[in-house]
Amino acid sequence: MKRFLLLAAIVAFVTPAPAGAGEAGTKILQNRCASCHNLTGPSPQTIRELWKRDAPDLFYAGNKFQREWLVEWLQKPVRIRPAGVNYLRTINSAPAPKEGEKQKEYDVLYGPVLRPLQHLTLKPAEAEETADALMDLKAGDSFLAGMMLDNSKQVSLEEGEVLFDKVYGCLSCHQIEPNYGGFTGPEVYTAGRRLTPEFMLSYITRPKNWDSKIWMPNGNVKPADLQKIVNYLILLSKENFNAAN
Ligand code: HEC
Ligand code: HEC
């Protein structure tokens, strides 16, 4: 009897409260997403772990994404990383030519391997619920402290592109139009709609706070230029690009 009471007490304790907001979404995350995505952290701690990762980490989704974008994307996913999460598997980096040989093409995408993105799609109500659950995942709160967009640091698309390309070399890894730019990072022509300004400011300042072994360097971007770049990315995301696939 005593044992039964104890059991009843435990059951009462661990049984979740009546369905509240986010619970249905949490179930979807556990049942349909956790097999690919890391929902609990930490990010890969070794290079070996990094190269084993097949899907982006979502354990700080609530620090990163704009909810509206999530709801839309989960119903109609399109590729964000033009060479996938693991670019080494899809990009052919030809070795330097031997004497007398011609340089082979390098950074060539094995296109057919990748397109189109195979990602499950959610129904509208599921997308709303899942977005709520994702917005609750906020492991990176501390890295957003003090990050604030300065709206007065506006630039034109041309000025922004000069910073992004020529001054800081971001274009070598990121595309600013479908098929224009590098392959080893996520495209950024929708970043301004996908990501919060605070996340962009923080990520660009110190990518390894978010993802311990990621190959994006600390660009040592000057504070005023950082603000300009993020304002540029927001401006860029208002352009009407057709998605890459
Ligand atoms: C079979 C593996 C797989 C499953 C299952 C899966 N995903 Fe993904 N997901 C991916 C891959 C791969 C990408 C990267 C796409 C890209 O960058 O082009 C991705 C990208 C995403 C992104 C964008 C992340 C970012 O950082 O850019 C979100 C959000 C997302 N998935 C949510 C979900 C949710 C929610 C579920 C469950 C309903 C789910 N995924 C199930 C493989 C998966
Ligand atoms: C050597 C390649 C490389 C360079 C150079 C680089 N990045 Fe990145 N960047 C990455 C990678 C890799 C990621 C994250 C990969 C992932 O989440 O799959 C990233 C992520 C980002 C993100 C977040 C995107 C998202 O969807 O999560 C932003 C914003 C960004 N970079 C901006 C910049 C800016 C601005 C510069 C120049 C100052 C820059 N990057 C330079 C490789 C690079």
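Can you name the condition, by its number, that A12 falls short on among (1) assigned to a helix (DSSP H, G or I); (2) at pLDDT 75 or above?
In the conditions (1) assigned to a helix (DSSP H, G or I); (2) at pLDDT 75 or above, A12 misses (2) alone.
Where in region 38-99 are there helices (runs of 4 or more DSSP H), lying fully within it, with 2 or more residues that are aromatic (F, W, Y)?
So the answer is 67-75.
Checking M147 against (1) more than 14 Å from ligand 1 (Cβ to nearest atom); (2) closer than 20 Å to P82 by Cβ; (3) of a type outside the set (K, R); (4) surrounded by 14 or more Cβ atoms within 10 Å (Cβ to Cβ), which single condition isn't satisfied?
Only one criterion in (1) more than 14 Å from ligand 1 (Cβ to nearest atom); (2) closer than 20 Å to P82 by Cβ; (3) of a type outside the set (K, R); (4) surrounded by 14 or more Cβ atoms within 10 Å (Cβ to Cβ) is unmet by M147, namely (2).
Give the residue that is nearest to N63 (Cα to Cα), with candidates limited to residues of region 165-213 that are under 12 Å from the mean Cα position of the chain (by Cα) and hydrophobic (A, V, I, L, M, F, W, C).
Residue satisfying both the conditions and the ranking: F199.
Can you name every residue in region 165-183 that is open to solvent by 30 Å² or more (accessible area, probe 1.4 Å) and within 12 Å of ligand 1 (Cβ to nearest atom)?
F183
For region 29-45, check the following and say yes or no: at least one residue is hydrophobic (A, V, I, L, M, F, W, C), under 23 Å from G140 (Cβ atoms), at pLDDT 95 or above and within 12 Å of ligand 2 (Cβ to nearest atom). Full working, then the answer.
Start the filter on region 29-45 by keeping residues that are hydrophobic (A, V, I, L, M, F, W, C), which leaves 29, 33-34, 36, 39.
Cutting the leftovers down to under 23 Å from G140 (Cβ atoms) gives us 29, 33-34, 36, 39.
Next, only the ones that are at pLDDT 95 or above stay: 29, 33-34, 36, 39.
If we keep only those that are within 12 Å of ligand 2 (Cβ to nearest atom) too, we end up with none.
There is no residue in region 29-45 that is hydrophobic (A, V, I, L, M, F, W, C), under 23 Å from G140 (Cβ atoms), at pLDDT 95 or above and within 12 Å of ligand 2 (Cβ to nearest atom).
Run down V230, V188, V221 and say which single residue is farther than 24 Å from E49 by Cα, open to solvent by less than 30 Å² (accessible area, probe 1.4 Å) and assigned to a loop (DSSP other than H, G, I, E, B).
V188
The values are calculated or read from the model by the stated rules, or taken from the named source; none is laboratory data. What you see is a predicted model, and the numbers here were worked out from it, not measured in a lab. Glycine also receives a Cβ, built like all others from the backbone with ideal geometry; neighbour counts cover every protein chain displayed. When the accessible area is computed, the model is the full protein with side chains, heavy atoms only, and any ligands, DNA or RNA have been set aside. Shrake-Rupley method; radii C 1.70, N 1.55, O 1.52, S 1.80 Å.
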